[in-house]
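The values are calculated or read from the model by the stated rules, or taken from the named source; none is laboratory data. Quantities reported herein were computed from a predicted structural model and do not represent experimental measurements. Virtual Cβ from ideal backbone geometry, glycine too; neighbours counted across all protein chains shown.
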Amino acid sequence: MTTFSDYSWLIVGLPVLSFVLVALAIIVAGKTQRFSRAVAPWVLIVCLIAALVISLGSLRETLGREAHSKVVAEETGGSFTHENEQPPFSAWYQKSIDWLVPEAPTAQPATSIVTPRPPIDRTLRVGVLLDPLAAVMLVVVLLVSLLVQIYSFGYMKREEHPRFYLFMSLFTASMLGLVISSSLLMLFIFWELVGLCSYLLIGFWYQKPEAARAAIKAFVVTRFGDLGLLFAVVFLWLSYGDLSFSALTIAVKGGVPSVVPLTAIALLIFFGAMGKSAQFPLHIWLPDAMEGPTSVSALIHAATMVAAGIYLVARTFFIFEMAPSALLVVALIGAFTALFAATIAMAQVDMKKVMAYSTISQLGYMMMGLGLAAPAAAFFHLTTHAFFKALLFLTAGSVIHAVHTQNIWEMGGLYKKMKVTAITCLIGGLALAGIFPLAGFFSKDKLLEGALAVALGKTADVANVISPGLGWLILIVALLTVLMTAFYTTRMWTLVFLGKPRSHEAEHAHESPPSMTFSLIVLAAVTLVSGFLVVPHLTGMIAPEHEALDPMQIYMMTGVSLLLALTGIAWGYRVYAKAPAREPLRKLGFIYAGMTNLWWVNAFFVWLAGTVVLGLASFIRWFDKAVIDGGLVDGTAWVTGRIGHTFRRVGAGPLPGQLQYYAFVIFLIAVLVILGMSAFASTHLSMGVLGR
Amino acid sequence: MMIPITGYLLVSMALFAVGAAALISRRNAVAALMGVELMLNAANLNFVAAWRYYWPQQMDAQIAVLIVIAVAAAEAAVGLAIVLNLYRRFGTVDLEQIRLMRG
């Protein structure tokens, strides 16, 4: 019986098909022709709908497969009767083809330092792996992609060139390929492809210098992180000779030694994730990436691609589990990023920048969850965040579409003119703030639960690296972030939609076309219901990672976080509802300066690149010019020249131009040289003939 | 009784010195060329003496001598051709009169 899973390769194949078709349309019909402009979005949307159907079917089958394997295990008293244990990879749909087969069975790697290991076949395989992680992620990516495409239909109407749809097709294909990959190498290939698409789409309006610069910045900074991931891939290949996740899991969990410590490999993977998921200090590219079209920001830089780092860490979590000290680093960087970006988001005046920093903050939140050994909670937050942050970005796009500015101080009073946008934005904002019963509430709660479990010392995985004191610190940071998130969300919403219009455009704003509001309404609906629909599934699907907490403690936790969120909202409303003429945060003085100047991180990097690196480079340039070229190369020539000059006088001597005099001098020197050499030879060498 | 090799070497040295002196001091270009021939033959004498006294079983030295004789013949031909051209160009073969090399 063929199942949806058997066709899961089409989930990647269909967007690729769309990419090819759009490219053909552009080549055949010409780039500005009405035909390719009209047909491109439809091709992509149809392909996405078909892929969505397959992915939904695959998700259903995957969940069924899991239930089945659990039953089997219980009946046979099998390997994971224990509640906490994950089903092995063999339980999932997995199919791969050999891509590169070594010619002869290779010998064991000649690393004599390590103990003997099982034979390695070193075949490179590519294929699909459908476990719940991938299946859920596929649906999330496709659903958001589809809605963003429908939205783009209205939003990108004025664009002349259909290459937007070309890049979007390629991006969707790569992102889905990244998710469905069964091996780390394949994941890495798609990882680079999404980076490329991100670069192309940030620089979509490449005529604008800021957009071109932002694209390059994003590409360079993420590439810096990718280097770490590449090293990790190489080390894993050297160690295990197989990059498929199932084989790696068995090898790593089986304690097969690797060429470098697993902690190092885990940190390298995390470094790659830091670049992609914009963790401090590699977060600097994401706010600039908002130069791209808003639908790109919604899809790539809020919902999907930036979550790839989280997905990668969740995917390779078996390595992190074996390297708890790496988890500590992940948790600390995640928590710091969450708080750090939230403070910056509080003071931004650009609507999209507020959300960009909010995205960084939420990604930090997810990383923190991963570091606290709660990957299920982190992944859950990833999915809900994908929906409500995409929603928020699309509402921002709708507002920007209407008022032609991104400065929230030039908006105001838009509630009356753009009711749909305002209400959907409110839903997204409340979800972001973590208000019951929206999606964000549940996922944020799970993360806080994970933090509480660590603080109480109930998470076995990290118990000996993260002390309870540190756990409490992380929990407090997380709760502070909840407060700030609620505050800046309220600030943004109040300034944009309430009060009086503060600019001419804001007075004459109109609601966006139906193709845009349709996506907003659907995403808002998903945000409203996904908490209820997905929670039981996901929590059942991925078992809790810690010993059960006391229900009382969980209720306390929930109460505190909800209280903090409500405090943040009340505080934000109180400060901004009166629509103050000036930013009230200015009173904070130094802290406000830090917030608006992004805590000088960008300035630090400019200093690092401009002063330190360029200074070092100019020193090296000077060294090359003065010492290498000037001293050694030119110096040799100069010395030789001077010697020649001097000897010309001696050689010409009293009879310049006399050939025979030259011959005389040559003779003289030859005699001197020979005498010197024979003197040397007679004292230092024993010559066979002469010594006889 | 065999003459010691030193005798041959002394003769060779004298021959070389005479040749070098001729090359350096004779004004006539043809005479200077003859000096070169003397020096080459001094080298030949050395080769042959060394062969006779040290490696009588090996042919290397004799081959070297044959090559030197061949080179000397070629050198004489080329050298005389040059001298002939010098004469055509300057109307003399006096090396002191020919000083194009003077800076």
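Out of curiosity, is B:L100 exposed (fewer than 12 other Cβ atoms within 10 Å of the Cβ) and within 14 Å of chain A (Cβ to nearest Cβ)?
Numbers: exposed (fewer than 12 other Cβ atoms within 10 Å of the Cβ): yes; within 14 Å of chain A (Cβ to nearest Cβ): yes.
Yes: the conditions hold for B:L100.
Among residues of the range A:439-465 being more than 25 Å from the chain's Cα centre (by Cα) and β-branched (V, I, T), the one that is surrounded by the most Cβ atoms within 10 Å (Cβ to Cβ) is A:V454.
Could you pull out the residue among B:A76, B:A70 that is more than 14 Å from chain A (Cβ to nearest Cβ), in contact with a helix residue (DSSP H, G or I) (Cβ under 9 Å, 6 or more places away or on another chain) and closer than 15 Å to B:E37 by Cβ?
Details: B:A70 fails: in contact with a helix residue (DSSP H, G or I) (Cβ under 9 Å, 6 or more places away or on another chain).
Every option except B:A76 fails the conditions.
Within the range B:6-38, the set of residues being of a type in the set (S, T, N, Q) and either over 18 Å from B:D94 (Cβ atoms) or not in a helix (DSSP H, G or I) (or both) comprises B:T6, B:S12, B:N28. Among the residues examined, A:I666 qualifies as surrounded by 12 or more Cβ atoms within 10 Å (Cβ to Cβ), more than 60 Å from the chain's Cα centre (by Cα) and within 14 Å of chain B (Cβ to nearest Cβ).
Quick check on this structure: which one of A:I569, A:I628 is modelled with pLDDT of 80 or more and surrounded by 14 or more Cβ atoms within 10 Å (Cβ to Cβ)? One residue alone meets the criteria, A:I569.
Pick from B:L80, B:L84: which is out of contact with any Gly (no Cβ under 6 Å at 6 or more places or on another chain) and touching a residue at least 40 places away in the same chain (Cβ under 8 Å)? It is B:L80.
Yes or no, residue by residue, for (1) without any contact (Cβ under 8 Å) to a residue 24 or more places away in the chain; (2) not aromatic (F, W, Y):
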site: A:L566; (1), (2): no, yes
site: A:Y576; (1), (2): no, no
site: A:N597; (1), (2): yes, yes
site: A:W607; (1), (2): yes, no
site: A:A617; (1), (2): yes, yes
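Does B:A22 satisfy being touching a Gly at 6+ places or on another chain (Cβ under 8 Å), buried (at least 19 other Cβ atoms within 10 Å of the Cβ) and within 14 Å of another protein chain (Cβ to nearest Cβ)? Against the criterion (touching a Gly at 6+ places or on another chain (Cβ under 8 Å), buried (at least 19 other Cβ atoms within 10 Å of the Cβ) and within 14 Å of another protein chain (Cβ to nearest Cβ)), B:A22 qualifies. Go through the residues of the range A:164-172 one by one and say whether even a single one is under 22 Å from A:V144 (Cβ atoms) and without any contact (Cβ under 8 Å) to a residue 24 or more places away in the chain. For the range A:164-172, residues under 22 Å from A:V144 (Cβ atoms) and without any contact (Cβ under 8 Å) to a residue 24 or more places away in the chain: absent.
Would you call B:W55 surrounded by fewer than 14 Cβ atoms within 10 Å (Cβ to Cβ), within 14 Å of another protein chain (Cβ to nearest Cβ) and farther than 19 Å from A:V665 by Cα? Give the steps one after another, and end with the answer.
On the way: surrounded by fewer than 14 Cβ atoms within 10 Å (Cβ to Cβ): yes; within 14 Å of another protein chain (Cβ to nearest Cβ): yes; farther than 19 Å from A:V665 by Cα: yes.
Yes.
Please count how many residues of the range A:176-229 are farther than 21 Å from A:M290 by Cβ and part of a helix (DSSP H, G or I). Going through the range A:176-229 one residue at a time, the tally reaches 19. Of the residues making up the range B:79-91, those that are surrounded by 11 or more Cβ atoms within 10 Å (Cβ to Cβ) and away from every other protein chain (no Cβ under 14 Å) number 3.
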